[in-house]
Amino acid sequence: MDPAPILDTFSTMKSRAVELFDAAPELAVVAVAVLLIGALLGLVLLARLAVRLVLATRRAGVIAHVRTMPDVGARIIAADGGVGRRRAVARFLASGAEGHLKDFMFGGPFRIATYPGQIRSEQEAAALLERSEADVVLWAEKPRGTSGVARIASRAPGGGAQTLPSAAIAMPRKQSTWTEAVARALAYAVAKQYRPALGRPQDFRAERLKPVVETLLEILAEGPEADPHLIGELEDDAVSGALQLAISGDPDWIDRAIDLSRTLVARANRSVAPERWILAKINLGRSLRVKAERQFDPVMVRESISHLQEALEALRSEPRFRLAESAAQAIADGQRLLGARRKFSITGGGI
């Protein structure tokens, strides 16, 4: 291809532009200004594209790094909160997990990777869990009318793509109240999201459970200004854990379990949180029974039975309990039917 025609055309355009600028110098100033503004805008766009490319590369690198982590312990991703309140909540949540998660992991390892990107919904968190094969994702939200919400999502135990319902923990309005006790409470929420069995103290041996219960009681003793739902969860798990330690044969925890249960029954609002009130009643009744077994006291036994009966009556009024009763009745009817028809086999009756 001969470049001569193109060069001739360019030379002609240049000559005409010079003639035009000589005839109207003010146009030259305007043209130069437009060119400078265009160049600046171009540089800004290029810079933004470069930043996006770098962040995308970093995000992909973090995902690849988490995927290749040894499959031992908890793999946790802490997402960047962006700016403002979300950033503050995200950093506080991540630092709380980094500093205090070890208190609730029974010595198990965990790794926290910082993700240079924002998460705006549970769907995005679930997608990140699936892509990275992480166990837990931490992020922050700032819904209208709130002071910020710490969010925790996790995969179901055993791996796979299924996720558990995520946790949403409202943060106090004043950042001056974001104390170490609040950070420890958030770390417990992260640990329980990863290991839901923390809410079932009977699943753990006493020597492993005791440090966790003591830590929960230490947090509650400091009276942190945290989400009431989170504080309630810590109280319930601490009382249940104390009862399990008493049942395991530790005499030092029998009276503590009774005192903690009495306090919780007195504070629990049956109309607002009936499930918490029922659990507190059951724990108190069981704690009194454990003590009566070691040192028989008919008054204590009667009190234990009274608390358990009240809890049972409250349970009978719950729709889920009535549904469970109907299912149990149907099972019993089916078993009676099998027993009456001896000619049918156990599997349902092939001839």
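Right, Ala183: out of contact with any His (no Cβ under 7 Å at 6 or more places or on another chain) and either modelled with pLDDT under 90 or not in a loop (DSSP other than H, G, I, E, B) (or both) or not? Steps first, answer last, please.
Working: out of contact with any His (no Cβ under 7 Å at 6 or more places or on another chain): no; either modelled with pLDDT under 90 or not in a loop (DSSP other than H, G, I, E, B) (or both): yes.
Answer is no for this residue.
Restricting the stretch 268-286 to residues that are farther than 21 Å from Ala246 by Cα and in contact with a helix residue (DSSP H, G or I) (Cβ under 8 Å, 6 or more places away or on another chain), which is surrounded by the fewest Cβ atoms within 10 Å (Cβ to Cβ)?
At the first step, the residues of the stretch 268-286 found to be farther than 21 Å from Ala246 by Cα are 268-275.
After this cut, where a residue has to be in contact with a helix residue (DSSP H, G or I) (Cβ under 8 Å, 6 or more places away or on another chain) as well, the list is 268-270, 273-274.
On the way: Ala268: 20, Asn269: 9, Arg270: 15, Ala273: 16, Pro274: 15.
Across the stretch 268-286, the extreme among qualifying residues is Asn269.
Residues to consider are Arg286, Arg320; find the one that is in a helix (DSSP H, G or I), at pLDDT 90 or above and under 33 Å from the mean Cα position of the chain (by Cα). Before the answer, list the steps.
Values: Arg320 fails: at pLDDT 90 or above.
Arg286 is the lone residue from the list that is in a helix (DSSP H, G or I), at pLDDT 90 or above and under 33 Å from the mean Cα position of the chain (by Cα).
On the given criteria, is Glu225 closer than 25 Å to Pro70 by Cα and not aliphatic (A, V, I, L, M)? Explain how you work it out, then say what you get.
Details: closer than 25 Å to Pro70 by Cα: no; not aliphatic (A, V, I, L, M): yes.
For Glu225, the condition - closer than 25 Å to Pro70 by Cα and not aliphatic (A, V, I, L, M) - is not met.
Residues are listed down the side, and each one gets a yes or a no for (1) within 15 Å of Leu93 (Cβ to Cβ); (2) among the polar types (S, T, N, Q); (3) assigned to a loop (DSSP other than H, G, I, E, B):
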| residue | (1), (2), (3) |
| --- | --- |
| Arg144 | no, no, yes |
| Tyr188 | yes, no, no |
| Gln193 | yes, yes, no |
| Gln202 | no, yes, no |
| Glu207 | no, no, no |
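Given the residues Arg131, Arg91, which is the only one that is touching a residue at least 60 places away in the same chain (Cβ under 8 Å), basic (Lys, Arg) and assigned to a helix (DSSP H, G or I)?
Arg131
Only residues that are surrounded by fewer than 21 Cβ atoms within 10 Å (Cβ to Cβ), among the small types (Gly, Ala, Ser) and either under 15 Å from Ser121 (Cβ atoms) or modelled with pLDDT of 90 or more (or both): list them for the stretch 140-166, please.
Scanning the stretch 140-166 gives a single hit, Ser166.
Would you point out which residue out of Leu101, Leu55, Leu7, Leu35 is assigned to a helix (DSSP H, G or I) and at pLDDT 70 or above? Even if it seems obvious, please write down each step before you answer.
Numbers: Leu55 fails: at pLDDT 70 or above; Leu7 fails: at pLDDT 70 or above; Leu35 fails: at pLDDT 70 or above.
After applying the criteria, what remains is Leu101.
Going by what's in this entry, would Glu235 be described as assigned to a helix (DSSP H, G or I), surrounded by fewer than 19 Cβ atoms within 10 Å (Cβ to Cβ) and not hydrophobic (A, V, I, L, M, F, W, C)? Step through it out loud before you land on a result.
On the way: assigned to a helix (DSSP H, G or I): yes; surrounded by fewer than 19 Cβ atoms within 10 Å (Cβ to Cβ): no; not hydrophobic (A, V, I, L, M, F, W, C): yes.
Against the criterion (assigned to a helix (DSSP H, G or I), surrounded by fewer than 19 Cβ atoms within 10 Å (Cβ to Cβ) and not hydrophobic (A, V, I, L, M, F, W, C)), Glu235 does not qualify.
Return only the number of the condition from (1) among the charged types (D, E, K, R); (2) touching a residue at least 24 places away in the same chain (Cβ under 8 Å); (3) in a helix (DSSP H, G or I) that Asp259 does not satisfy.
The failed condition is (2).
It is to be established whether one or more residues within the stretch 118-133 are surrounded by fewer than 17 Cβ atoms within 10 Å (Cβ to Cβ), within 15 Å of Ala74 (Cα to Cα) and small (Gly, Ala, Ser).
No, there is no match, as no residue in the stretch 118-133 is surrounded by fewer than 17 Cβ atoms within 10 Å (Cβ to Cβ), within 15 Å of Ala74 (Cα to Cα) and small (Gly, Ala, Ser).
The values are calculated or read from the model by the stated rules, or taken from the named source; none is laboratory data. Note that the coordinates shown come from a computational prediction; the quantities given were computed from them, not determined experimentally. Cβ: placed from backbone, ideal geometry, glycine included. Neighbour counts: every protein chain shown.
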